[in-house]
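Beneath this line is the structure, given in structure tokens, with notes to follow.
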Amino acid sequence: MSDKGEAKFLFNPYMDWIEGQGVPVVEGFGIDLLAVETAPWGRLDANGAVVHLKGRGDFISIFIVDIPPGGKSAPQQHLYEEVIYVLAGHGSTTIETGDGAMHSFEWGPKSLFALPLNAKYQHFNASGREPARLASTNDLCLVLNLFHNADFVFNNKAEFADRQGKSNYFSGEGDFIPKKPGRHMWETNFIPDLAGFELQSWDQRGAGSSNMKFILADGTMHAHSSEMPVGTYKKAHRHGADFHVYSVTGSGYSLFWYEDDTDFERIDWRHGVVFAPPDGMYHQHYNTAAQPSRYLAVALGNLRYPFTTAKRNIFAGVDVSVKDGGAQIEYEDQDPRVHEIYLAELAKNGVGSVMGEYIDERNLKKKSA
Ligand SMILES: [Fe+2]
């Protein structure tokens with residue numbers, strides 16, 4: 001029986017916990033995280049908000065955490081994983097791992113780091129003038145819905161020595177684990193500047209595309225970064241829910257559609273915007289900036305620990321044509337309208353297309369006539 005004396009029925013322990021936090025909950029297909037209003041979050045001794053994207057799935061969601069100028073968050077320890085992307089501000093995080101060792105690193109806009117499972121940590125704002133805004137993608141909804149016991153999740157002394165990684169993982173160093181295009185991995189706990197991180201080419205995903213998969217704090221949560229050169233767009237594909245896509249550099253838009261749709265949903269993006277393609281919905285990313293556009297994607301289940309069979313399959317076949325049983329629409333098979341839309345958007349920005357190197361643009365125009 002619940003506190004209200006009513007039998008629990010179709011109950012969601014995570015949502016019940018969120019409601020009890022008293023912070024704003026923002027829902028949408030795509031959200032500008034820099035524009036979200038926050039409110040005091042007692043647990044953190046900082047301001048915060050919760051972001052639930054339409055395509056978030058059942059396993060992860062986003063918390064926004066604001067650290068005030070000269071301020072710090074309350075010390076935290078919890079039995080869920082957290083991948084933090086710095087939206088704004090400069091500061092540092094201290095982490096005490098299970099062996100009692102203290103680690104500290106300094107972050108700035110576009111830093112990415114993970115908190116090792118159940119490590120003690122605290123965030124500090126290094127500026128006396130500017131607030132800092134962090135986006136935490138985390139799997140609390142998975143963990144709380146599984147155990148439905150907040151005390152177990154937030155007051156648990158279990159140690160996970162295998163999650164902390166090498167000590168230089170906290171200072172921005174890491175290990176490159178070569179596999180094959182689109183599956184190369186970089187293992188670390190901290191990436192100081194995701195905007196400048198060296199990616200590896202992945203031609204099968206489209207025109208000049210590059211990518212790196214990250215293994216962070218030996219966690220089950222996934223992160224990767226991809227980049228599109230100027231004047232290009234990637235091939236469309238589809239997969240299950242929960243890939244939270246953050247714009248990192250450049251600007252552009254993405255189109256979304258289900259197989260039998262006659263029109264597209266559209267999200268315009270730039271730094272601060274996040275979206276999550278819903279389950280099974282095709283999506284395609286277009287760079288309209290005069291610079292390369294790069295994004296970060298965070299999900300549950302990675303190349304080391306896929307967690308679900310669906311994730312294992314998508315990591316294997318994400319760049320295989322749907323005609324061959326995969327998830328990707330090759331350029332020659334795409335709806336010709338998407339290319340026309342792209343050329344019109346580029347023209348507005350005065351940027352030239354280089355897609356002619358990858359597709360027969362005259363043939364596409366003929367098909368749409
Ligand atoms: Fe995708």
Hits in the range 293-323 (condition: of a type in the set (Gly, Ala, Ser) and open to solvent by 20 Å² or more (accessible area, probe 1.4 Å)): Ala310, Ala316
So which residues in the range 249-267 are under 22 Å from the mean Cα position of the chain (by Cα) and closer than 26 Å to Gly350 by Cα? Thr249, Gly250, Ser251, Gly252, Tyr253, Ser254, Leu255, Phe256, Glu265, Arg266, Ile267
Some residue of the range 172-182 being within 16 Å of the ligand (Cβ to nearest atom) and open to solvent by less than 40 Å² (accessible area, probe 1.4 Å): yes
Taking Gly57 and the conditions (1) surrounded by 15 or more Cβ atoms within 10 Å (Cβ to Cβ); (2) small (Gly, Ala, Ser); (3) under 30 Å from Glu130 (Cα atoms), which numbered condition does it fall short on, given that it satisfies the others? (3)
Subset of the range 116-151 [of a type in the set (A, V, I, L, M, F, W, C), open to solvent by less than 20 Å² (accessible area, probe 1.4 Å) and under 14 Å from Phe59 (Cα atoms)]: Leu140, Cys141, Val143, Leu144
For Asp261, only one of the following conditions fails: (1) of a type in the set (Asp, Glu); (2) under 17 Å from Val338 (Cα atoms); (3) within 13 Å of the ligand (Cβ to nearest atom). What is its number? (3)
Just one of Ser92, Ser61, Ser73 is under 17 Å from Val153 (Cα atoms), of a type outside the set (Asp, Glu) and under 24 Å from the mean Cα position of the chain (by Cα); which is it? Ser61
Here is a list of conditions, (1) more than 20 Å from Ser209 (Cβ to Cβ); (2) away from the ligand (no atom under 16 Å from the Cβ); (3) within 16 Å of the chain's Cα centre (by Cα); (4) not β-branched (Val, Ile, Thr), and Arg270 meets all of them except one; can you say which number that is? (1)
Test set (1) surrounded by 24 or more Cβ atoms within 10 Å (Cβ to Cβ); (2) within 26 Å of Gln164 (Cα to Cα); (3) within 14 Å of the ligand (Cβ to nearest atom) - Ser226 fails condition number: (1)
Within the range 324-352, how many residues turn out to be among the aliphatic types (A, V, I, L, M), part of a helix (DSSP H, G or I) and open to solvent by less than 30 Å² (accessible area, probe 1.4 Å)? 2
Only listed residue being open to solvent by 10 Å² or more (accessible area, probe 1.4 Å), assigned to a loop (DSSP other than H, G, I, E, B), over 28 Å from Leu140 (Cα atoms) and aliphatic (A, V, I, L, M), chosen from Ala241, Ala290: Ala290
Give Ser92, Ser104 a once-over and let me know the one that is surrounded by fewer than 21 Cβ atoms within 10 Å (Cβ to Cβ), touching a Ser or Thr at 6+ places or on another chain (Cβ under 9 Å), part of a strand (DSSP E or B) and touching a residue at least 60 places away in the same chain (Cβ under 8 Å). Ser104
Where His237 falls short, out of the listed (1) at negative phi; (2) touching a residue at least 60 places away in the same chain (Cβ under 8 Å); (3) more than 13 Å from the ligand (Cβ to nearest atom): (3)
Please give the number of the condition Ser209 fails out of (1) within 14 Å of the ligand (Cβ to nearest atom); (2) open to solvent by 30 Å² or more (accessible area, probe 1.4 Å); (3) free of Cβ contacts under 8 Å to residues at least 40 places away in the same chain. (2)
Hits in the range 294-318 - residues which are within 15 Å of the ligand (Cβ to nearest atom), in contact (Cβ under 8 Å) with a residue 24 or more places away in the chain and touching a Gly at 6+ places or on another chain (Cβ under 6 Å): Ala310, Lys311
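The values are calculated or read from the model by the stated rules, or taken from the named source; none is laboratory data. Since the model is a prediction, treat every value here as computed from it, not as a measurement. Using ideal geometry, Cβ is built from the backbone for each residue, glycine included, and neighbour counts are taken over all protein chains shown. Keep in mind that these areas ignore ligands, DNA and RNA; they rest on the heavy atoms of the full protein, side chains included. Shrake-Rupley method; radii C 1.70, N 1.55, O 1.52, S 1.80 Å.
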